[in-house]
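Q: One structure coming up, written as structure tokens, with questions to follow.
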Protein chains: 2
Amino acid sequence: MGIDPRLLERRLDELYAIGAEPGGGAYRPLYGAAWATAVERVERWLKDAGLKTRRDAVGNLWGRAEGTDNGKSIVTGSHIDTVRHGGRLDGALGIVAGLTAVEALLKEKGKPRRTLEVVAICEEEGSRFATNFWGSRAIIGAIDAPEAEMAEAMRERGLDPARIATAARDDIDTFVELHIEQGAVLESSGGTLAVVSAIVGTVHLELAVTGRSDHAGTTPMDLRLDALAGAAAMVQAVESIAKSLGRPAVATVGKLEVEPDQINVVPGRVVFTVDLRHPDLAGRRALEERVRSLCDTISQERGVRLSIRTLQEKPPVAMHPDVRALLARAAKECGLQTAEMVSGAGHDAQILAARCKVGMLFVPSIGGRSHCPEESTSPKHLELGTQVLVKALELMAY
Amino acid sequence: MGIDPRLLERRLDELYAIGAEPGGGAYRPLYGAAWATAVERVERWLKDAGLKTRRDAVGNLWGRAEGTDNGKSIVTGSHIDTVRHGGRLDGALGIVAGLTAVEALLKEKGKPRRTLEVVAICEEEGSRFATNFWGSRAIIGAIDAPEAEMAEAMRERGLDPARIATAARDDIDTFVELHIEQGAVLESSGGTLAVVSAIVGTVHLELAVTGRSDHAGTTPMDLRLDALAGAAAMVQAVESIAKSLGRPAVATVGKLEVEPDQINVVPGRVVFTVDLRHPDLAGRRALEERVRSLCDTISQERGVRLSIRTLQEKPPVAMHPDVRALLARAAKECGLQTAEMVSGAGHDAQILAARCKVGMLFVPSIGGRSHCPEESTSPKHLELGTQVLVKALELMAY
């Protein structure tokens with residue numbers, strides 16, 4: 001049973017054109033105009049595919065093909081929002097592939113035994129407010145009242161913030177999502193498709209190094225307490241620790257701010273962030289422990305003050321073993337080898353795992369590029385990924 | 001012959017109160033309201049001291065005591081502008097001490113043989129526009145037409161930009177300036193007063209490191225081209241090179257900017273500055289050569305691209321040997337030992353050296369603090385520094 005790869009590509013193009021930015025890429029921030037247009041477009045496609053649509057209280061869009069038995073639903077989909085200058089596939093692929101797969105199944109195999117649903121999740125990226133996983137958190141009933149500005153944005157789209165709790169679902173059996181890898185692991189290993197074993201745990205730390213701001217000309221090197229020189233040693237240490245632990249540990253200093261940030265003044269204070277990820281909790285804790293300890297040693301050696309604040313801490317989430325096995329089987333029935341891999345990025349599946357079985361499929365990202373206009377996957381890989389998704393849904397729902 | 005130390009302190013207090021900022025310190029940007037008030041205040045003091053005042057075409061304020069012979073002038077003074085949150089002494093001391101010294105000389109010894117002048121130089125700090133040494137550059141006739149915004153600021157103070165060339169002087173014999181050290185060398189060596197031997201040469205470089213921006217979760221450490229990790233290694237290298245060369249070499253990374261500066265994105269580009277100083281040209285060139293070469297090696301090792309731009313290059317300037325000897329003699333006659341030291345900061349003397357003999361005296365800065373509200377020198381040191389200035393002016397002008 002096949003899907004039409006041209007239809008897949010055309011739909012991806014159509015979605016990518018919504019919110020196109022002058023500097024390249026698309027931007028569809030939560031509850032914005034481009035976001036609303038994209039949701040409408042997907043709703044039309046869902047209806048055309050014979051699905052019954054509805055929008056929940058936070059704006060997640062659901063398309064439903066009722067099954068013959070009364071069990072819980074099999075759901076596929078992804079998020080419809082994008083980062084700034086976002087690419088063509090992040091989120092969009094999971095929605096378009098999901099609806100194209102369900103459309104093909106309904107057409108060829110008719111009414112399913114299990115209810116099949118396609119979901120366009122309203123937000124995952126923190127695309128407009130600092131609310132990552134807003135859509136999936138609503139589905140598991142884990143959202144409190146939004147901030148005033150966000151509540152206003154909801155009302156502008158006809159959504160009532162007081163009704164958020166009604167978005168919660170307890171009737172989902174399994175959620176599967178096709179996504180781009182967003183890294184270069186698959187490509188560099190020559191793989192076609194990966195079954196995700198787990199989504200990494202992430203810790204975000206903020207390190208503040210306080211030294212003493214001095215005149216760059218009048219202060220001999222041996223009398224300085226240079227906060228930036230200290231921070232630079234720590235940046236080096238963070239990289240070395242992750243490198244020495246080896247894959248899959250990663251550690252990144254992404255933000256760094258210098259005070260007073262003047263060409264002729266020795267920096268008195270530097271604040272930087274560290275993003276630490278590891279798929280198992282012990283590994284992630286070891287990574288964090290080493291970073292804290294080595295940065296502490298550096299600060300003591302240099303006589304600068306170090307304070308560390310945890311901004312965020314997310315545990316690793318394993319994908320459900322049944323779904324992992326099913327996805328591998330589906331791939332095999334399509335004649336494809338799969339490897340398992342860890343997702344270094346966060347996905348809605350890690351939230352939904354609290355209420356249902358979850359699983360994910362990755363297709364390769366060319367050059368590992370993502371969250372940018374260069375984000376791309378070969379048409380062949382997109383087609384194969386969607387075909388495996390069709391097969392997996394068929395195995396579960398028919 | 002003595003000066004009144006209370007008068008010295010009171011005048012410094014009065015000047016410091018002009019342009020006082022809510023966050024501490026004073027700010028008297030060129031041609032601003034506080035600047036204008038300060039110039040008026042100094043003009044009144046000069047007149048009260050019996051000096052004939054005039055303002056030149058860029059707003060430098062001159063107070064003149066005509067000598068009995070017709071030779072060139074002996075000038076003392078400093079700049080009247082300040083950095084943001086500037087301290088009580090930088091610039092202000094040289095003006096207040098200069099006028100207090102000349103006032104005392106005129107009172108006790110009458111009309112000088114050589115013409116004595118006190119100058120409040122309009123700008124040295126780049127306090128408002130990027131025009132460091134604006135006042136002294138006008139005095140040596142080295143200014144072209146100002147930018148439109150600056151020309152407008154001049155007109156607001158009644159100054160005609162078309163007349164700038166008339167500020168040039170070729171009748172100055174010697175310029176001497178009393179200044180705070182702005183570093184901790186004198187304090188840490190227990191000295192009271194230093195004669196400046198030279199003002200360091202400065203090079204400002206801008207280094208741009210280009211790697212590749214990647215997802216912090218999905219990109220294994222071994223597949224990254226992290227611009228910040230590369231820049232951090234260079235920041236470390238810059239510090240190590242200056243430390244290994246030892247005093248008086250200094251090297252500072254003061255500004256550093258990360259792109260895209262997001263917590264979960266591997267930095268794709270980092271731009272930072274390097275400030276390199278050394279009192280002799282060969283030393284400064286060696287410093288720059290090593291920095292360029294080691295940063296280049298680091299960029300090659302890491303596969304990131306490095307481009308280096310020279311933003312500014314100022315040669316070291318030696319103080320005139322006659323003036324150095326005279327200042328040492330004046331100190332000795334006051335019963336003080338002096339050491340010679342290099343100035344790590346820039347001063348108007350380095351510009352004026354192109355047209356006249358120059359020399360400088362430093363008093364200690366407590367804790368080496370400067371360009372901040374904590375900038376301070378003990379009253380005893382301020383008094384002794386001013387007394388030596390009186391003696392030096394007496395030796396030259398009477």
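Q: With N set to the residue count of the stretch B:1-108, report its C-alpha Rg divided by 2.2 N^0.38 Å to two decimal places.
A: In units of the 2.2 N^0.38 Å rule of thumb, it is 1.09.
Q: Using a probe radius of 1.4 Å on protein heavy atoms only, what is the accessible area buried between chains B and A, both sides summed, to the nearest 100 Å²?
A: 4500
Q: Can I ask one more? Considering only the other residues whose Cβ falls under 13 Å of the Cβ of A:A318, what net charge follows from Lys and Arg at +1 and Asp and Glu at -1?
A: -1
Q: Right, something else. Taking the label point 7 Å from Cα in the Cβ direction, how far apart in nm is B:D69 from each other copy of itself, listed shortest first?
A: Its label point is 11.6 nm from the equivalent points in the other copies.
Q: What is the residue of chain A with the smallest Cβ distance to the axis taking A onto B, and what is that distance in whole Å?
A: A:A232, 2
Q: Can you list the residues of the stretch A:327-348 whose accessible area drops by at least 20 Å² going from the chain on its own to the full set of protein chains, with a 1.4 Å probe?
A: A:G344, A:A345
Q: Now for a different question. Could you state the accessible area per residue of the protein assembly as shown in Å², with a 1.4 Å probe and every protein chain left in place?
A: That works out to 37 Å² per residue.
Q: Using 1/(1 + (r/R0)^6) with R0 = 25 angstrom and r between the beta carbons of B:Q337 and B:D173, what's the FRET efficiency to the nearest 0.05?
A: For B:Q337 and B:D173, the calculated efficiency is 0.35.
Q: Given a 1.4 Å probe and every protein chain left where it sits, what share in percent of the accessible area of the stretch B:1-70 is carbon and sulfur?
A: Taking all protein chains in place, the stretch B:1-70 shows 48 percent carbon and sulfur surface.
Q: Name the residue from A:G283, B:P22, B:A331 whose Cα lies farthest towards the positive end of the charge dipole of the protein assembly as shown, charges +1 on Cβ of Lys and Arg and -1 on Cβ of Asp and Glu.
A: A:G283
Q: Considering only Cα-Cα distances, which of the following residue pairs are longer than 26 Å: B:K72/B:K111; A:K52/A:K109; A:K107/A:K391; B:K357/B:K380; A:K243/A:K314?
A: B:K357/B:K380
Q: What is the dipole size for the stretch A:287-330, taken about its Cα centre, with +1 at each Lys and Arg Cβ and -1 at each Asp and Glu Cβ, in debye to the nearest 20?
A: So the dipole magnitude of the stretch A:287-330 works out to roughly 120 debye.
Q: Please state, as a whole number in µm²/s, the translational diffusion coefficient that the Stokes-Einstein equation yields for chain A at 25 °C and 0.890 mPa s, with Rh defined as the Kirkwood radius across alpha carbon pairs.
A: Calculated translational D: 109 µm²/s.
Q: Counting Lys and Arg as +1 and Asp and Glu as -1, each charge on the Cβ, what is the dipole of the stretch B:46-154 about the Cα centre in debye, to the nearest 20?
A: The dipole magnitude comes to about 640 debye.
Q: What whole-number value in cubic angstrom gives the convex hull volume per residue for the C-alpha atoms of the stretch A:211-322?
A: Per residue, the Cα convex hull of the stretch A:211-322 comes to 101 Å³.
Q: Every other copy gets compared here: list the nm distances from the A:D171 label point (7 Å along Cα to Cβ) to its counterparts, shortest first, one decimal.
A: Distances to the matching label points in the other copies: 10.0 nm.
Q: Sort shortest first the distances from A:K109 to its counterpart in every other copy, using label points 7 Å along the Cα-to-beta-carbon line, and give them in nm.
A: When each copy's label point is compared with this one, the spacings are 10.7 nm.
Q: Further, regarding this structure: Have a look at A:A97, A:L193, A:G86 and report the one farthest towards the positive end of the charge dipole of the stretch A:52-198, computed about the Cα centre with Cβ charges (Lys/Arg +1, Asp/Glu -1).
A: Farthest towards the positive pole: A:A97.
Q: Could you tell me what percent of the accessible area of the stretch A:144-195 is made up of carbon and sulfur, with a 1.4 Å probe and every protein chain present?
A: Carbon and sulfur atoms account for 44 percent of the accessible area of the stretch A:144-195.
Q: Please label the shape of the stretch B:83-222 as rounded, prolate or oblate, based on the square roots a ≥ b ≥ c of the eigenvalues of the alpha-carbon gyration tensor (a/c under 1.5 means rounded; beyond that, a/b larger than b/c means prolate, else oblate).
A: oblate
Q: Sticking with this structure for a sec: As an exercise, use a Förster radius of 35 Å and the Cβ-Cβ distance of A:E206 and B:E14 to find the FRET efficiency, rounded to the nearest 0.05.
A: 0.20
Q: Specify whether the C-alpha gyration tensor of the protein assembly as shown places it in the rounded, prolate or oblate class, a ≥ b ≥ c being the square roots of the eigenvalues: rounded for a/c under 1.5, otherwise prolate if a/b is larger than b/c and oblate if not.
A: prolate
Q: Along the Cα-to-C-beta direction of B:S378, a point sits 7 Å from the Cα; which residues of the stretch B:1-34 have their amide N less than 14 Å from that point?
A: Answer for the stretch B:1-34: none.
Q: Under the 0.36 nm per residue contour assumption, what length would be gained going from the current alpha-carbon distance of B:T166 and B:Y398 to full extension?
A: 80.6 nm
Q: FRET efficiency for A:R247 and A:D280, Cβ-Cβ distance as r, R0 = 22 Å, nearest 0.05?
A: So, using R0 = 22 Å, E works out to roughly 0.95.
Q: Under a 5 Å amide H to amide H cut-off, with H placed in plane at 1.01 Å, what residues pair with A:V250 once short-range neighbours are removed?
A: So A:V250 has HN proximity to A:R277.
Q: Could you check the simple spin-label distance between A:D261 and B:K47, using points 7 Å along Cα→Cβ, in nm with one decimal?
A: 4.5
Q: Would you kindly derive the ³J(HN,Hα) couplings of the stretch B:378-383 from the backbone phi angles with the Karplus curve 6.51 cos²θ - 1.76 cosθ + 1.60 (θ = phi - 60°), listing them in order in whole Hz, with x for Gly and Pro?
A: 4, x, 4, 5, 5, 5
Q: Now for a different question. What's the magnitude of the charge dipole for the protein assembly as shown around its Cα centre, counting Lys and Arg as +1 and Asp and Glu as -1 at the beta-carbon? Answer in Debye, nearest 20.
A: 380
Q: Ok, one more. Kindly provide the helix-only [θ] at 222 nm of chain B, computed as the sum of -39,500 (n - 2.57) over DSSP H runs of four or more divided by all residues, to the nearest 500 deg cm²/dmol?
A: Result for chain B: -11500 deg cm²/dmol, rounded to the nearest 500.
Q: Which ³J(HN,Hα) values, rounded to whole Hz and listed in residue order, are derived for the stretch A:239-254 from phi using the Karplus coefficients 6.51, -1.76 and 1.60 in 6.51 cos²θ - 1.76 cosθ + 1.60 with θ = phi - 60°, glycine and proline given as x?
A: 5, 4, 4, 5, 5, 6, 6, x, 3, x, 5, 9, 9, 9, 9, x
The values are calculated or read from the model by the stated rules, or taken from the named source; none is laboratory data. Small disclaimer: the values here were computed from a predicted structure and weren't measured. For neighbour counting, all protein chains shown are included, and Cβ atoms are generated from backbone atoms with ideal geometry for every residue, glycine included. Keep in mind that these areas ignore ligands, DNA and RNA; they rest on the heavy atoms of the full protein, side chains included. Shrake-Rupley method; radii C 1.70, N 1.55, O 1.52, S 1.80 Å.
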